[in-house]
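Everything on this sheet refers to the single structure shown next.
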Amino acid sequence: MAAAVRSMNKMYGVCFNAARQTTGPKASRLLQRRAFRVAGVHRQQPFDSSLEKPQFPGASAEFVDQLEFIQPNVISGIPVYRVMDRQGNIINPSQDPQLPKETVLNFYQKMTLLNTMDRILYESQRQGRISFYMTNYGEEGTHIGSAAALDPSDIVFGQYREAGVLMYRGFPLDKFMAQCYANADDLGKGRQMPVHYGSKDLNFVTISSPLATQIPQAAGAAYALKRENMNRAVICYFGEGAASEGDAHAGFNFSATLECPLIFFCRNNGYAISTPTNEQYRGDGIAARGPGYGMLSIRVDGNDVFAVYNATKEARRRAVAENQPFLIEAMTYRIGHHSTSDDSSAYRSVDEVNYWDKQDHPISRLRHYMTARNWWSEDDERSWRKQSRKTVMEAFENAEKRLKPNVELMFTDVYQEMTPNLKNQRESMWRHVKQYKEHYPLDLYEK
């Protein structure tokens, strides 16, 4: 053990000296701090059996002589951080991010553009034009507020309701439509079901359907960034339902023990498909789990785009500077159905949905803020709504006209050279298509 510690300290000493010579005092201090942490973990303190206090290596505590179980809500409800009230008024001027008019207008336009795209694509699925869709109604503030606080080089792991994050980063409407229509312009070559977006150029990892798989993957990516001293962070989005998966535990624990620059962003929207939060967990939400993993945590009003922005910006700054994970729980509400495969009227009332839609919506809250400053008017609203719908419809119509990807692409991008097994599958597919060609209109596919 002692030899291993000496070897590790020697390694960090070499790295420290190299960093001091090549990258300056800032990197030197960072490596010095990391070396201190590693040495502190592995160096045991002298054991004194005369001390009447616990010596167990797995916890820091004191002895007690009374039998008492810890209550689940040992901390009374974690407060919800907000900057604006529901009328768009700044509550505490010191928390106002003081964003310029152009930035706030961009927030609003991205949130409303996402809303418009959702309505058109949702209806297109109902008309049988695409196979599936998931809306983002009511959660637009969590997307735009968090996306704006990140650096473009930061890596994003989404779940399946973060289209606004990708939109804020510059993903064009044409690509959203191409993915949902699985046409020849789709970056995924038509292999994924709708809303499973991804963009290598925008550092947005392609969405995967299985729940919570992105959480341990994000921990691994953040650990890699830490080892490379990239000054980048990872943000991982998930819902409160996904937090019940075993992968969430693995991701939280790995990121904390490996001290990764990672922001866990939980959208607590009230329902995991049809399961309400009171059936999903018994503790105080998701933020309360952070301390158990040794993570700094905060709960924010997800319908307050400024609160989301402030919390994500500070978490991102500290995650990179200190190499540690943060947990943000954004309290919001899923106004739409879970997906086009769901009918939420079976498990919640119309009055409940109407409250959030009419009285506590992130878009209307931000609009109140802008209107009070004379940054937005009724004429601006009408003009923008008309323009945004026209833009979305043009992208929609273009996507519908495009051919589907070449059928051969089903067999590519798996191996550098096609294996005999894949070749046999391809030949079998073509025999089947030729035999039943009336069912396969190949003229709709690129050659």
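Laid out as a table, the results:
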| quantity | calculated |
| --- | --- |
| Among residues of region 227-243, those that are over 17 Å from Met331 (Cα atoms) and either free of Cβ contacts under 8 Å to residues at least 60 places away in the same chain or surrounded by fewer than 24 Cβ atoms within 10 Å (Cβ to Cβ) (or both), counted | 6 |
| Residue among Phe56, Phe69, Phe36, Phe63 that is within 20 Å of Gly294 (Cα to Cα) and modelled with pLDDT of 65 or more | Phe56 |
| Residue within region 260-268 that is free of Cβ contacts under 8 Å to residues at least 12 places away in the same chain and either under 16 Å from the mean Cα position of the chain (by Cα) or over 30 Å from Gln71 (Cβ atoms) (or both) present | no |
| Unmet requirement for Gly336, which otherwise passes all of (1) modelled with pLDDT of 95 or more; (2) outside the structural domain of Tyr160 (by the TED database) | (2) |
| Of residues in region 180-226 being among the small types (Gly, Ala, Ser) and outside any loop (DSSP other than H, G, I, E, B), the one surrounded by the most Cβ atoms within 10 Å (Cβ to Cβ) | Ala222 |
| Conditions (1) closer than 21 Å to Gly270 by Cα; (2) in a loop (DSSP other than H, G, I, E, B); (3) without any contact (Cβ under 8 Å) to a residue 40 or more places away in the chain; (4) assigned by the TED database to the domain that holds Ala330: number failed by His143 | (2) |
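The values are calculated or read from the model by the stated rules, or taken from the named source; none is laboratory data. These numbers come from a predicted model, not from an experiment. For neighbour counting, all protein chains shown are included, and Cβ atoms are generated from backbone atoms with ideal geometry for every residue, glycine included.
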